[in-house]
Amino acid sequence: MNKTKKIVSLLVSSILVLSFAGCSRTVTGNKETDNGLNAFNAIVKAYPANKGFHQALQHWGFKLSNGEKFEWTKDTSANKADFAMVMLADPLVKAGLDINKLDKNDWLYEPAAKDENGQELPNRLIKPYNVSDKKVSSNGSEDAMRRILKQDPSLVKYHKTQQHYRLILGDGNEVEWTEKLGINDADMIFVLKAEPLIKAGLDINKLQESGWSFKPAGKDDMGENPAQIVKTFKIKQ
């Protein structure tokens, strides 16, 4: 083989190796988490009007219904809560929940107010989750989510039977989203561990009109689950 052919052959081999490495490289450190990130981004892209950025708190938010959102931080060092489920408080209060009996280290309550754009916000119950206090610099909502998940890829699990991803936010608390829009009855789901809410007065027999449903403790193909309350969302613009 002459010198020119050897150089061409080496270049082709190098390109193939780099291409293979690029195809197999994960952006979060875990392929399952990468797939979950892609599925989440696809939902957000499908409903761009539902996404917003809160300048004062430096976090992104995705609106699920009137006043209910899923939020994630721009920088894990900027907020105590890197993820947050924002829920309507009044329906749970009507079902017996006493906000004052919740552990203030685990729950936040925000009374009705106007947001930075002058829009009215209802009374909200917030379940925060902190991933780390590491300083990161992100560029846009997708990059912010990627950087959070990269710090702990084990937070995301795929539920093959139900064809959705689960973001584990502590013991028994989850945000779930569909693998692909249109294949599930719910696009997103909030899941809360029931025990602390019941201890704070929530009557599971009064949940019917709250939009939440009770799920007893049990075992599924993902393992043991505590008793939980669940709310499903079909996203609308």
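The values are calculated or read from the model by the stated rules, or taken from the named source; none is laboratory data. Note that the structure is a prediction, hence the values are computed from the model and not measured. Here Cβ is always computed from backbone atoms with ideal geometry, including for glycine, and neighbour counts include all displayed protein chains. Please note that ligands, DNA and RNA were not included when accessible areas were found on the heavy atoms of the full protein model with its side chains. Shrake-Rupley method; radii C 1.70, N 1.55, O 1.52, S 1.80 Å.
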Taking the stretch 121-237, how much of its Cα-Cα pair set, in percent, is spaced more than 21 angstrom apart? 47 percent
Does anyone have the angle between helix 31-46 and the longest principal axis of the chain? Alpha-carbon axes, 0 to 90°, nearest 10? 70 degrees
Please work out how much accessible surface residue 155 shows to a 1.4 Å probe, ignoring ligands, DNA and RNA, in Å² rounded to 10. 10 Å²
Positive minus negative residues near residue 226 (Lys, Arg vs Asp, Glu; Cβ under 15 Å): 0
Fraction of accessible area attributable to carbon and sulfur, the chain (%, probe 1.4 Å): 52 percent
Kindly flag which residue pairs out of 104/236; 45/94; 135/180; 74/157 have an alpha-carbon separation exceeding 29 Å in this structure. 104/236; 45/94; 135/180
Treating the beta-carbon of each Lys and Arg as +1 and of each Asp and Glu as -1, no other charges, what is the dipole magnitude of the chain about its Cα centre, to the nearest 20 debye? 1080 debye
Below 15 angstrom from the Cβ of residue 30, what's the summed charge of the other residues (Lys, Arg +1; Asp, Glu -1)? +4
If one compares the long axis through the Cα atoms of helix 141-151 with the longest principal axis of the Cα atoms of the chain, the angle in degrees, nearest 10, works out at 90 degrees
Please name which of 132, 204, 173 has its Cα lying farthest along the dipole of the chain towards the positive end, using unit charges on Cβ (Lys, Arg +1; Asp, Glu -1) and the Cα centre as origin. 132
Skip the ligands, DNA and RNA, and give the accessible area per residue of the stretch 92-237 with a 1.4 Å probe, whole Å². 56 Å²
With angles folded into 0 to 90 degrees, how steeply does helix 3-24 sit against the dominant principal axis of the chain? Use alpha carbons for both and round to 10. 10 degrees
Theoretical ellipticity at 222 nm over the chain - DSSP helices of four or more residues, -39500 (n - 2.57) apiece, nearest 500: -8000 deg cm²/dmol
Rolling a 1.4 angstrom probe over the protein chains, ignoring ligands and nucleic acids, what is the accessible area of residue 129 in square angstrom, nearest 10? 60 Å²
Could you give me D for the chain, from Stokes-Einstein at 4 °C and 1.567 mPa s, where the hydrodynamic radius is the Kirkwood radius over C-alpha pairs? Units µm² s⁻¹, please. 66 µm²/s
